[in-house]
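Asker: Can you read through this structure? Questions will come right after.
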Amino acid sequence: MRTSAKRDGSGWCLNGSKAWITNAAESDLFLVYAQTDQTAGASGIAGFLVERRSAGLSVTRPYDLVGRHSMGLAGIELSDCLVDEDAVLFPPGDGVKRAMAGVDWPERSSQPCAVE
């Protein structure tokens with residue numbers, strides 16, 4: 001993970017980027033996962049809520065796709081984007097668990113089951 005979050009006074013400074021975000025072209029709020037400690041691996045990943053109007057956050061031009069135009073696919077770039085401590089949705093150590101829960105859920109819900 002290249003997106004980083006460093007403590008800065010009473011908040012965090014985010015730097016990095018994310019591509020292929022559904023509805024990014026229209027979203028006002030983004031959930032950003034970032035590494036808070038490069039030496040901690042997955043235990044250093046945290047989740048932050050970042051508002052579109054935040055200084056240091058920019059949304060890329062929507063991707064020019066052959067189809068699926070209504071998805072608003074675009075990316076975000078974070079350059080010294082400062083967020084308050086209350087923007088931490090998942091503290092370091094919980095970020096990767098929460099991200100993986102979102103990936104695992106569709107897999108579990110689509111598995112066949114039997115009822116006796």
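The values are calculated or read from the model by the stated rules, or taken from the named source; none is laboratory data. It should be emphasised that the depicted structure is a prediction, and the values quoted were computed from it without experimental measurement. In this analysis, Cβ positions are derived from the backbone assuming ideal geometry, glycine residues included, and neighbour counts consider all displayed protein chains.
Asker: Determine whether the stretch 55-72 contains at least one residue that is in a strand (DSSP E or B), exposed (fewer than 15 other Cβ atoms within 10 Å of the Cβ) and at pLDDT 95 or above.
Answerer: yes
Residue-by-condition table, conditions (1) touching a helix residue (DSSP H, G or I) at 6+ places or on another chain (Cβ under 9 Å); (2) part of a strand (DSSP E or B); (3) over 27 Å from Gly72 (Cβ atoms):
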| site | (1), (2), (3) |
| --- | --- |
| Lys6 | no, yes, yes |
| Gly16 | no, yes, no |
| Ala19 | no, yes, no |
| Asn23 | yes, no, no |
| Ala34 | yes, yes, no |
| Ala40 | no, no, yes |
| Leu49 | yes, yes, no |
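Asker: Where residues in the stretch 75-97 are part of a helix (DSSP H, G or I) and either buried (at least 16 other Cβ atoms within 10 Å of the Cβ) or within 11 Å of the chain's Cα centre (by Cα) (or both), which of them is modelled with the lowest pLDDT?
Answerer: Filtering the stretch 75-97 for residues that are part of a helix (DSSP H, G or I) and either buried (at least 16 other Cβ atoms within 10 Å of the Cβ) or within 11 Å of the chain's Cα centre (by Cα) (or both), the one modelled with the lowest pLDDT comes out as Val96.
Asker: Sticking with this structure for a sec: Which members of the stretch 9-57 meet the condition of being more than 15 Å from Pro92 (Cβ to Cβ) and charged (D, E, K, R)?
Answerer: Hits for the stretch 9-57 are Lys18, Glu26, Asp28, Glu51, Arg52, Arg53.
Asker: Every residue in the stretch 4-53 that is crowded, with 19+ Cβ neighbours inside 10 Å, among the small types (Gly, Ala, Ser) and touching a Ser or Thr at 6+ places or on another chain (Cβ under 7 Å), please.
Answerer: Ala5, Ala34, Gly44, Ala46 - these are the residues of the stretch 4-53 that are crowded, with 19+ Cβ neighbours inside 10 Å, among the small types (Gly, Ala, Ser) and touching a Ser or Thr at 6+ places or on another chain (Cβ under 7 Å).
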